[in-house]
1. Would you mind checking the pairs K21/K76; K34/K64; K41/K64 and listing those with alpha carbons more than 31 angstrom apart?
2. Work out, step by step, the length gained on full extension between F84 and E69: first 0.36 nm times the residue separation, then minus their alpha carbon distance; give nm to one decimal.
3. With a probe of 1.4 Å, find how much accessible area the chain has per residue, and write the answer as a whole number in Å².
4. Between S59 and R33, with labels modelled 7 Å along Cα→Cβ, what's the label distance in nm to one decimal, could you check?
5. State the percentage of accessible surface on segment 5-64 attributable to carbon and sulfur atoms; use a 1.4 Å probe and exclude ligands, DNA and RNA.
6. Can you run phi through the Karplus equation (6.51, -1.76, 1.60; θ = phi - 60°) for segment 28-41 and list ³J(HN,Hα) in whole Hz, with x for Gly and Pro?
7. If you count, for each residue, the other Cβ atoms within 10 Å and average over each peptide, how do 57-66, 36-45 line up from highest to lowest?
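The values are calculated or read from the model by the stated rules, or taken from the named source; none is laboratory data. Nothing here was measured: the structure is a model prediction, and the numbers come from that model. A quick note on method: Cβ atoms are made from the backbone with ideal geometry, for glycine too, and the neighbour counts reach across all protein chains shown. Ligands, DNA and RNA are stripped out before the accessible areas are found, and what is left, the full protein with its side chains, is counted by its heavy atoms. Shrake-Rupley method; radii C 1.70, N 1.55, O 1.52, S 1.80 Å.
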Amino acid sequence: MTSNQLWHSNYSPYQSVLHTKIKQLKKEGLGYRKIAKMLNKENIKTPRGKTFYPSSVYSILKKKNIRNERLNEYFKKKISRLRFEYDDS
């Protein structure tokens, strides 16, 4: 999933559980390599059914953070003057 797709797609229940598990393991002090090894040992697959690599673990955490930032971003509303002109010449 590319970063620009993070606006529109919803996380599946599997993605949510996986993110929570990875986040907890990272909070406990494990590195990306150890988390990947642990998930592979437990036969847990990526959302696309692949084997975990350290970069996969990093990517899941990174993309979730980007998604949360975008979804929680506040945009200041501004109403501007809008004018239409009709030229019948």
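1. Details: K21/K76 35 Å; K34/K64 20 Å; K41/K64 24 Å.
Exceeds cut-off: K21/K76.
2. On the way: separation 15, 0.36 × 15 = 5.40 nm, distance 3.65 nm.
Taking F84 through E69 to full extension adds about 1.7 nm, to one decimal.
3. On the way: 7810 Å² over 89 residues.
Accessible area per residue: 88 Å².
4. My value for the distance between the label points is 2.0 nm.
5. Values: 2300 of 4270 Å².
Here carbon and sulfur together make up 54 percent of the probe-accessible area.
6. 6, x, 6, x, 4, 5, 5, 5, 4, 4, 5, 5, 5, 5
7. Details: 57-66: 16.5, 36-45: 14.1.
In decreasing order of mean packing, 57-66, 36-45 become 57-66, 36-45.
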